[in-house]
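Worksheet: the structure to be examined is printed underneath.
Taken together, the values in this text are just the output of simple stated rules run on the coordinates, not laboratory data. Note that the structure is predicted; figures quoted are calculated from it, not measured. Cβ sites come from the backbone with ideal geometry, for glycine too, and all protein chains shown count toward neighbours.
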Amino acid sequence: MTPDMAAKPGVIHKILGHCGHSSGGLACPKTRFAMAVSVRPDSPRDPGATALLQASHAYLQSLYDPEDNHFLSIDELCTPDILFFTARQDGRVIGTAALALRGGYGEVKSMFVDPAARGQGAAGALLSRLIGEGALRGLPALKLETGPLNTEALALYARHGFRVCGPFGDYAEVPASVFMERVLDTPAPRRLGPEEDMAPVHALLIGAFGYMGGVIDPPSSLTRMTPKDLAREAAENELWVLEPGPAACMILTVKGDTLYLGKLAVDDRLRGAGLARRMIEHAVARARALGLGHVTLQTRVELTGNQATFQRLGFREVERTAHAGYDRPTSITYRRDV
């Protein structure tokens, strides 16, 4: 929960922020000239994250009875069904948040911001990241448990689209808890402009294509691609991403009467979440909008898993070709009518 300091007699009322039994502390005095806050996947065992989590746990234990505390331990935050994030400012951990992947929804956990760093947007940035991660995974909703007296936390959640709901999971309906829920929308791909930072997209491509090393022959042209090359692609063609992350990307190029889909990549941590299908469906929609008859893509002959995926997504093989200097087919061309 996230009630204010008045929840228990004897607690000093000079507070730097507010905390929640399950969703953490979020206080918000405004500060001028704040440095930029970045949010990234992290480990609860990172020293800065661990220290902040321990501080939040001690704070909650000083305020509330054990049965009213629902925070996760550091060990519990390290399980595979937990996505953990930190907010950093100038390299220092100033906030934490976690998304627990439950059956049919995600639960916001471990929301806490260093009292000395509040009012600089960390809580909002962390919550926005959790919302984006849940939507990318196709979760229908995010839920949380907080406290009725924590008006600033309730306002923050309301600003981010959360509405009061009934108890969920193993929670009981008690006066000390408020339950909230936000229905998630499926994020649409966003087209990047050439002036935007291409380093994250380049990193995604390198990571997603890395397994091909030693598998395909000849090596992928990606080994020669740089962020500057991606910027040029964004200027001359269409570079699309799914955010946050980016979690997926692709380059669309008009070639005659077809729209060529290249450099389709999905973050390894999100494989199986349907992101490739979402990007391909967007490519089909773009081809239709451009008045083109089909979407075309290529994969290598060695990548049988990719071939099966494209066939399941409505593509048919139309051609096998060889790279220069090879006397055998090295690539397979697939096409899907729109």
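Placing a label point 7 Å from the Cα of E302 along the Cα-to-Cβ direction, the residues of segment 210-229 with a backbone N closer than 16 Å are 210-224. Pair-distance distribution of segment 94-198: all C-alpha pairs, bin width 10 Å, starting at 0; shares per bin in whole percent are 14, 43, 31, 10, 2, 0. Here the Karplus relation 6.51 cos²θ - 1.76 cosθ + 1.60, evaluated at θ = phi - 60°, turns the backbone of segment 74-79 into coupling constants of 4, 4, 5, 6, 9, 7 Hz, with x for every Gly and Pro. Axis of helix 47-63 versus longest Cα principal axis of the chain: the two differ by about 40°, to the nearest ten degrees.
Take every Cα pair under 8 Å whose residues are at least 6 apart in sequence, average their separation, divide by the length of the chain, and the relative contact order is 13 percent.
Shown in residue order for segment 224-231 are the 3J(HN,Hα) couplings computed by the Karplus curve 6.51 cos²θ - 1.76 cosθ + 1.60 at θ = phi - 60°: 9, 7, 10, x, 5, 5, 5, 4 Hz (x for Gly and Pro). Approximating the spin labels as points 7 Å out from Cα along Cα→Cβ, the S73-to-R92 distance works out to 3.0 nm. Taking the longest Cα principal axis of the chain as reference, the axis of helix 199-209 is set at about 60 degrees. Across segment 170-177, computed HN-Hα scalar couplings (Karplus, 6.51 cos²θ - 1.76 cosθ + 1.60, θ = phi - 60°) run 9, 6, 9, 7, 10, x, 7, 10 Hz from first to last residue, x flagging Gly and Pro. I'd like the FRET efficiency for V215 and T253, computed as 1/(1 + (r/R0)^6) with the beta carbon distance as r and R0 of 30 Å, rounded to 0.05. For R0 = 30 Å, the calculated efficiency reads 0.75. A Förster radius of 56 Å combined with the Cβ-Cβ distance from A199 to E173 puts the calculated FRET efficiency at roughly 0.75. Listed by chain and number, the aspartates and glutamates placed with their C-alpha closer than 17 angstrom to that of K228 are E195, E196, D197, E236, E238; residues fewer than eight positions away on the same chain are left out.
Against the longest principal axis of the chain, how steep is helix 275-289, in degrees 0 to 90 to the nearest 10, with axes from Cα atoms? So the inclination is approximately 60 degrees.
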